[in-house]
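Input: a single structure, listed below in structure tokens.
The values are calculated or read from the model by the stated rules, or taken from the named source; none is laboratory data. Because the structure is a prediction, the values reported are computed rather than measured. All Cβ positions, glycine included, derive from the backbone under ideal geometry; neighbour counts span all protein chains shown. Protein only, heavy atoms only, side chains kept; ligands, DNA and RNA dropped before computing areas. Shrake-Rupley method; radii C 1.70, N 1.55, O 1.52, S 1.80 Å.
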Amino acid sequence: MKQRIELATNAIKKARKSLNKQFYPHYHLAPYAGWLNDPNGLIYHDGLYHAFYQHHPFSSLWGPMHWGHATSEDMIHWQHQPIALAPGDEYDKDGCFSGSAVSHEGKLYLFYTGHIWLNGANDDSAIHQTQCVAISDDGIHFEKKGVVIPSPEGFMHFRDPKVWFQDGKWWMVVGARDALDQGQILLFSTTDLLNWNDEYQTLAKTEDKNVYMWECPDFFPLGNHFITLFSPQGKKSQDYQFRNLYQNGYLVGQWAPDQPYEITHQFSELDFGQDFYAPQTFLAKDGRRIAMAWMDMWESHMPSQEHGWSGCFTLPRELVLNDQGKIIANPIEELKTLRQDEKIIPSTILIKNTDILINENATCCELELVWDLQNSSAEKFGFWIGNGIQFYIDNQNQKLTLSRHYPKYIISDSRSTELPKTKQLKIRAFIDKSSLEVFINDGEQTFSCRIYPQDSDYTLKLFAINQSAKLDNGTFWNLERAIS
């Protein structure tokens, strides 16, 4: 594997020298070259945060999956490390697919899916997938130890292991698709990380006959409940819901070892934007439950591919569970350390068909707005970024909407969710070259998407259409560039 890793690492170093930074982020984790998708192995280990990710270092298109790797002291400033895993062994010859990490007795364990095409590349009708492990003494260089869980009988799609320790055992959830093409999550256990029981439980299973696979599962305690976080493939859209090619969301329930998982709250979307998939959670050094996701979507247009790279992560988000069984997601507190050049936006009333300039070059910034919903009668009001992005309150339909329109890149879509029944609406937005993340009412709703302003038009304005809207207050910050 060492030779394959050196080959991939050298390819990235060479490509980085000519990196086109038109859309490259200032404070989101992204590859210097090649393709990035699912976050893997997110963990705090030996004084550092580690973020691994699905990576094709030789092309900005999806291909044989490696594991890219970056480290950070604060989850904000990331340092790229050498490739952690490269495919090519008999059990992972066509890809080191997604997985997770465990810190144990000073060593870092990576659990991942070894992938093999049986009928040639990209033929999902005939594959073989097993769960494998690699171990590191220094957190940088890994030695593969081979297969720890073979594919159970009746399962061809069997991937994305997430491992944790509880009640004297190690546990693993794996996404699966059975012979009837129904998505589910399988649960395995062991006492020593290397010798896993062949017997498994079906932790949860789809009741939607359209859903043929549950990918990238995560299973973790939050408050007094256990959350099942996963990406169901095949789920059909319903009005404004589930409009992406593939969805992501969570179940809430009660669980204890050797007991069935009792679901108390059915599937809910975790993020309502166009680009949010395969989130994974981990514990910060102080015990906060943090999530990061892939901020792109399968089969979508990715303009940065022409520049030799594609894909980035969302910002780290702290997750908590409210009394109604809903996950509240907020950007981590550490992000406030990036704030610079604070600009106060005073209370104002935007009369019909007017806008207010906030910043002419909003490429690396944070915006906070508090709208008075009781005294805003405009048909729609919110903010624009250039000519391509609108985020607005839709008073006619009582929706929050994120709309994109970039004809040059054949991107034109919108995503909506219910407008909260509150007197005020607080919007907190992060803009970073080719990304937008919006947090509503302190994390009750979130929207994530990629943006591609044309002609470098990052003009940020507030607007109101037809009648007036009242802004109670707002603040704008430029942000420090955390990633060079």
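Right, SER416: crowded, with 17+ Cβ neighbours inside 10 Å and within 28 Å of LEU321 (Cβ to Cβ) or not? Explain how you work it out, then say what you get.
Details: crowded, with 17+ Cβ neighbours inside 10 Å: yes; within 28 Å of LEU321 (Cβ to Cβ): yes.
Taking the combined requirement at face value, the residue satisfies it.
Just for segment 211-244: of the residues that are hydrophobic (A, V, I, L, M, F, W, C) and in a loop (DSSP other than H, G, I, E, B), which one is nearest to PHE155 (Cα to Cα)?
Our first condition is that a residue be hydrophobic (A, V, I, L, M, F, W, C); within segment 211-244, this holds for 211, 213-214, 216, 219-220, 222, 226-227, 229-230, 242.
Imposing the further condition that a residue be in a loop (DSSP other than H, G, I, E, B) reduces the set to 211, 242.
Values: VAL211: 15, PHE242: 26 Å.
Per the stated criteria, the residue is VAL211.
Search segment 207-235 for residues that are farther than 18 Å from ASP124 by Cβ and pair each with any residue that is assigned to a strand (DSSP E or B) and of a type in the set (Lys, Arg) when their beta-carbon atoms are under 8 Å apart and the residues are at least 6 apart or on different chains.
PRO217/LYS162; ASP218/LYS162; PHE219/LYS162; PHE220/ARG289; LEU222/ARG289
Filter segment 176-196 down to the residues that are more than 20 Å from ASP124 (Cα to Cα) and not in a strand (DSSP E or B) and list them by number.
THR191, ASP192, LEU193, LEU194, ASN195, TRP196 - these are the residues of segment 176-196 that are more than 20 Å from ASP124 (Cα to Cα) and not in a strand (DSSP E or B).
From (1) in contact (Cβ under 8 Å) with a residue 40 or more places away in the chain; (2) more than 19 Å from the chain's Cα centre (by Cα), pick out the condition that doesn't hold for SER435.
All conditions pass for SER435, except number (2).
Could you pull out every one of the strands (runs of 3 or more DSSP E) wholly within segment 1-85 that has 1 or more residues that are without any contact (Cβ under 8 Å) to a residue 40 or more places away in the chain? Break it down into steps so the answer makes sense when it comes.
Values: elements: 34-45, 48-56, 66-72, 78-80.
Correct list: 48-56, 66-72, 78-80.
In segment 321-350, what count of residues is obtained for those that are of a type in the set (Val, Ile, Thr), under 28 Å from the mean Cα position of the chain (by Cα) and not in a helix (DSSP H, G or I)? Break it down stepwise before answering.
Keep residues of segment 321-350 that are of a type in the set (Val, Ile, Thr), which gives 327-328, 332, 337, 344-345, 348-349.
Still in the running and under 28 Å from the mean Cα position of the chain (by Cα): 327-328, 332, 337.
Filter once more, keeping what is not in a helix (DSSP H, G or I): 327-328, 332.
Qualifying residue count for the region: 3.
Quick check on my filter: what residues within segment 64-93 are open to solvent by less than 10 Å² (accessible area, probe 1.4 Å) and either outside the structural domain of GLY34 (by the TED database) or among the acidic types (Asp, Glu) (or both)?
Within segment 64-93, ASP92 is the sole residue that qualifies.
Can you tell me which of THR354, THR363 is surrounded by 14 or more Cβ atoms within 10 Å (Cβ to Cβ), in contact with a Phe, Trp or Tyr (Cβ under 6 Å, 6 or more places away or on another chain), of a type in the set (S, T, N, Q) and in contact (Cβ under 8 Å) with a residue 40 or more places away in the chain?
None of the others qualify; the one that does is THR363.
Show the residue pairs that are 6+ apart or on different chains and have beta-carbon atoms under 6 Å apart, the first residue being within segment 260-272 and farther than 25 Å from PHE391 by Cα and in the same structural domain as THR206 (by the TED database), the second being small (Gly, Ala, Ser) and at pLDDT 95 or above.
Listed pairs, sorted by first residue: TYR261/ALA204; TYR261/GLY253; GLU262/GLY253; ILE263/GLY253; THR264/GLY253; HIS265/GLY325; PHE267/GLY249.
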